[in-house]
Each structure stands twice: as C-alpha cells, then as structure tokens.
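**Student:** Supplied in structure tokens, the structure appears directly below.
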Amino acid sequence: MSDTAGQGNVVALSDLAVCVEQARSGDRRAMSELIAMFREDIYRMVYYRTGNRMDAEDLTQEVFLKVFDNLKSLKDTAMFRPWLYRIAVNRVNDYHRRKKFLSFFVPAGDREDGPEMEDVKGSDESVLDQVIKKEFWREVESFMRRLSKLEREVFQLRFMDHLGIAEISVVLGRGESTVKTHLYRAVKKFQTEEHLIGLIRGVEP
Amino acid sequence: MKNDEHITQDELIMAVIDKTSLTPEKRDHLDACRICGSQAERLGRDLTSLGDMVKAVVPPMRTAITLPEAEVREPARPWWGMRLAYGSALAAALVVLILAVPVFRVTPDNKMEVMYQNILSDAKLMLEIDRMVEDPMPDAWAASYDESEAGEDEDSIDDIVPGGDDLS
C-alpha cells in the first residue's frame, strides 16, 4: 500500500466515465478521484448493513481493492456505480456468511447483537440527541428485521443508498419489475411502522 | 375516474416508487387532486427523511482508503543479455553436474580408485588392439566360416572353384 487517497491531493476530473477510463489504464490520480467520489457512500452503505464502524472501514477498503483489481473487466464505464455497489453488496454478504460461520464457535454470550453505535457515544452531541439516535436506529433495525432479505436489500439501496430502480436492478441482477414488486412490499410494511414514522416526523424541520 | 374518487393506497405506493407505472388517468388525477397529491408527497418525504436520518447516525470514517501497490515493471533486457544469462545458467549446471557425479570428481578419498579405473580401461584397450592385429577379420566373418565351410571336402570346393586342369 503506497498512496493514500486523501482529500487534498486529488486532482479534479470532471466526468465519471472519463475518470473510470483513466483508472482502467492504471492512472493512480484517477483511482484516487474515484475513491474520493464514492468512499463515503460505500462506507455508509456497508455501515447500514454491519452496524460496526471498524468492520465497515475494513470492508470499504476491501471493496475498493477489489474494484481496482477488476476494473479492466468492466465493459461499460457508464455502469461503474451499480458495478461498484454490486461488489460492495457481495462483500457484505460474504462478511455476514463468515460471521454466521464463526458464530458456531463463539459462545452466545460473547456475540454482538445489533449495531454497536459506539461512535455516537463518543461524539459531541447532547445526551438527548444520542438517545434519540439510538432509539431511531433500534426502530430502523426492528423494521429491517420485518422485511425479507430481498425486500430489505431493495429498500436500503433505494431509500438509504439513493440508487435508481434501473441501478438496483443491475446491482442485484434482477429484473426491474421484480425490484419494484419487492420495493412495493417493503414500503407497504414501512407504512405500518407508526413509531418509526413518528420519530421521523418528530425531528423533521 | 370520478372527481370524488381518489387513488388507492397501493397506487399511492406505486406513485412513490415509480410514477410511470400508474396509468395516465391516475397520474393526471394525482397531479390534480390535492388530497392524493399531499398523501403521496407525505409518504415520499417520510422515506427521504428516513434516508437522511440514517445517514446522520453513521459515525465518520476514521481511516483513509489506500490504493493497491503500483505494478513495478523491470526494464527490458537486450537480446545478448538473455543469451549471456542462458549461457551462464548452462555453465553453472555443468559445474554442478561435475561436482555432483562421483565419476567426474577426483578427491583424496577416491584418487586410487580413479587411477585403477584408468589403468583397467587402458589395458582393455591394448588387448583389443592386439586382437585386431592378429585377426583383422570381424568376428561375424570368422563365425560364418566355422559353421558353414569347416566340414566341406575339397571336391565340393572344386565344383565352385575349377582347378588348373579344367582350364586348359
């Protein structure tokens, strides 16, 4: 590992497709630019699915390494964003499979249940804000558990990661109508989450 | 669609997910009806706010993403460099062979044995030379003479090679 994709040393490259094309030919500036564009999004996406900051950081690093290892196999540079998310989704699934396998060897008392939220405790926010965030996250987790695996993935990609229907279709390798059907079911369940909706409306400006 | 008729809850969800999946008539109603419009807007806003709030909960990333190591390419060697490399490798292999195989190696321990082998080889060669001087015919010829012609009498030879009398 040599270069660090810091915020300061990144040269602006206007077009994403151009940037991807340059990164494909081994341009390290373009790679740094891609990291700067998507690192926060991918980190958040992974965090939503793991609830652990350190794991999310490690997985984000792994995602980008995999991206640059396989960038030459990407045929259409315009599809970079869904391709990136597809890699991230696969890495998260691997993570959960590995964790599930390891859980057979870890005593039940030592397991981590749900998101850690350790960084919320250490922040500068007021205790009330921290409590509200914790409560909110618990509700989100509870809602997610009510969804099927595909409903949850589709819902998260659409409303948390802000991907379009067509992009979600590419990420999950499913047809757009399948994506819409599962999204419909998830939103229908969301409408019944009165407590969660109450929290959302309570903090709205 | 009648004026007092509103879109259903299912259609409302479909409108939030993908407005184009509604029929043009329903879309027109959604645009025109204040009640249906505000319901769709409300649901859309709840979902957007959910995304924003979840984003706010995520702790900031502390570590930087590092790029993979750059490939280090060695400069191309000239053609004679390759030949030199192969030649050196071959010479090294020969040296190893000579050192490894005991026949080629004369050490204080096997010096007498090597000398004895050389004397034996020389004596064998001299015997072979002496035999060739005495009997230059190949062994195969000598064998064929012994088997086919040793027992035949002089008459039979006369049949083949006529005597001096017959020529006259």
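**Student:** Order these by the 10 Å Cβ neighbour count, fewest first: A:F105, A:F80. Write out the running numbers ahead of the final one.
**Tutor:** Working: A:F105 6, A:F80 22.
So the residues, fewest neighbours to most, are A:F105, A:F80.
**Student:** In what order do B:I98, A:I132 fall by count of nearby beta-carbon atoms within 10 Å, going from fewest to most?
**Tutor:** Final ranking by Cβ density, sparse to dense: B:I98, A:I132.
**Student:** Exposure proxy check: B:Y86, A:Y95, A:Y47 ranked by fewest other beta carbons within 10 Å? Write down the numbers at each step before the final one.
**Tutor:** Values: B:Y86 10, A:Y95 19, A:Y47 24.
Result, fewest neighbours first: B:Y86, A:Y95, A:Y47.
**Student:** Could you tell me the calculated FRET efficiency between B:D135 and B:L94, based on Cβ-Cβ distance and R0 = 51 angstrom, to the nearest 0.05?
**Tutor:** On the way: r = 41 Å, r/R0 = 0.81.
FRET efficiency, B:D135 to B:L94: 0.80.
**Student:** Let me ask something else about it. Give the calculated FRET efficiency between B:A64 and A:R138 to the nearest 0.05, with a Förster radius of 41 Å applied to their Cβ-Cβ distance.
**Tutor:** 0.85
**Student:** HN-Hα J couplings of segment A:77-90 from phi, Karplus 6.51/-1.76/1.60, θ = phi - 60°, integer Hz, Gly and Pro as x?
**Tutor:** Running phi through 6.51 cos²θ - 1.76 cosθ + 1.60 with θ = phi - 60° gives 5, 5, 8, 4, 4, x, 5, 4, 5, 5, 4, 5, 4, 5 Hz.
**Student:** According to a simple spin-label model (label point 7 Å from Cα along Cα-to-Cβ), what is the distance in nm between B:K55 and B:V114?
**Tutor:** Placing both labels 7 Å along Cα→Cβ, they lie 8.5 nm apart.
Every number here is computed from the coordinates shown, using simple stated rules; none is lab data. As the structure is a computational prediction, the values presented were derived from the model and not from experiment. Cβ coordinates were reconstructed from backbone atoms using ideal geometry, including for glycine residues, and neighbour counts include every protein chain displayed.
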